[in-house]
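The values are calculated or read from the model by the stated rules, or taken from the named source; none is laboratory data. Given the structure is predicted, the values throughout are model-derived calculations rather than measurements. In this analysis, Cβ positions are derived from the backbone assuming ideal geometry, glycine residues included, and neighbour counts consider all displayed protein chains. Heavy atoms of the whole protein, side chains included, go into the accessibility calculation; ligands, DNA and RNA do not. Shrake-Rupley method; radii C 1.70, N 1.55, O 1.52, S 1.80 Å.
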Amino acid sequence: MSNVYLFPIAVYLLFQTTFICTYIAAILQGHVVPTVPYISDAATYSPESCVFGQLINIGCVLLGIVVYIRYRQVQQLIYHHMELATSSYRLNQVALWIGIGSCFGCSIVANFQETNVRIVHFVGAFTCFGFGTIYFWLQAIVSYNISPFTGSLRLAHIRIGLASLCTIFFIVVAVTGIISHILFNGEDPRKWYPSDGGWKYHVASSISEWIVSTIFCLYILSFSDEFKLLTFDHPPIVIAGYENVQIVASDTGDDPLC
């Protein structure tokens, strides 16, 4: 399989398009006020929530594939350059599971709306953004370690910068979000007005969430250049009783036995 660099691009386009289109649809339906709602607030009510959940689920699968490809890329570099084992092997292992955890948290956020299962929604949000931020730091460190062999120091610097911004705005989201919900005294948090209390904290929190989500997408997009150097082969298939016979794909598209 070639063109694996398209996976990060697909993740970037799918998530950004989903966020923006869901926001526009929620405003047109009158489900949120046209200010700066949380991303998940714009996807609370149907039909936006249905479309949002489906597209985010697809995006999470694609994101998981990107996380796995990155893991395999670093593993292969370690195999060819054993001096990387000390600095990157353990980090790469941990990053794989942290990245998968972030994908799972993102899926929870999309499918458990705040108005229906608030605690589960908040746990999913903190898992998504928290694990995602940790994953970015781990990958930034790995990028420095492998820069002599792939990527560049410039790209590693960019990832450190994105990870730093993500950390700052994630903290802002968490702190101002908690404060705003404590001060909120309105009827519907999806239609938050200045008179409802905690307005400035709500605006700071929601804007920060949009920034964090954008940073997430840009960070994943940064893998596309490195993935241009990668190709994946079709996995061999072994049928029980024919352990010494494998099915492989030929250039003609047939599946001859060999």
Open item on the list: Looking for something out of contact with any Gly (no Cβ under 7 Å at 6 or more places or on another chain), part of a helix (DSSP H, G or I) and without any contact (Cβ under 8 Å) to a residue 24 or more places away in the chain - is there at least one such residue anywhere in segment 96-115?
Closed with: yes
Open item on the list: I'm checking my understanding of the structure. Among residues of segment 38-54 that are more than 17 Å from R118 (Cβ to Cβ) and not hydrophobic (A, V, I, L, M, F, W, C), which one is nearest to the chain's Cα centre (by Cα)?
Closed with: Q54
TODO: Would you check which residues across segment 28-57 are assigned to a helix (DSSP H, G or I) and buried (at least 16 other Cβ atoms within 10 Å of the Cβ) and list them?
DONE: D41, A42, A43, E48, S49, F52, G53, L55, I56
Open item on the list: Going residue by residue through segment 82-94, is there one that turns out to be open to solvent by less than 20 Å² (accessible area, probe 1.4 Å), closer than 22 Å to W137 by Cα and modelled with pLDDT under 90?
Closed with: yes
TODO: Just name the residue that is nearest to S87 (Cα to Cα) out of those in segment 125-163 that are open to solvent by 40 Å² or more (accessible area, probe 1.4 Å) and among the hydroxyl-bearing types (S, T, Y).
DONE: Y144
TODO: Of all residues in segment 122-173, count the ones that are of a type in the set (S, T, Y) and touching a residue at least 24 places away in the same chain (Cβ under 8 Å).
DONE: 5
Task: Matching residues in segment 182-202 - criterion: being surrounded by 17 or more Cβ atoms within 10 Å (Cβ to Cβ), within 28 Å of the chain's Cα centre (by Cα) and in a helix (DSSP H, G or I) - done: Y201, H202
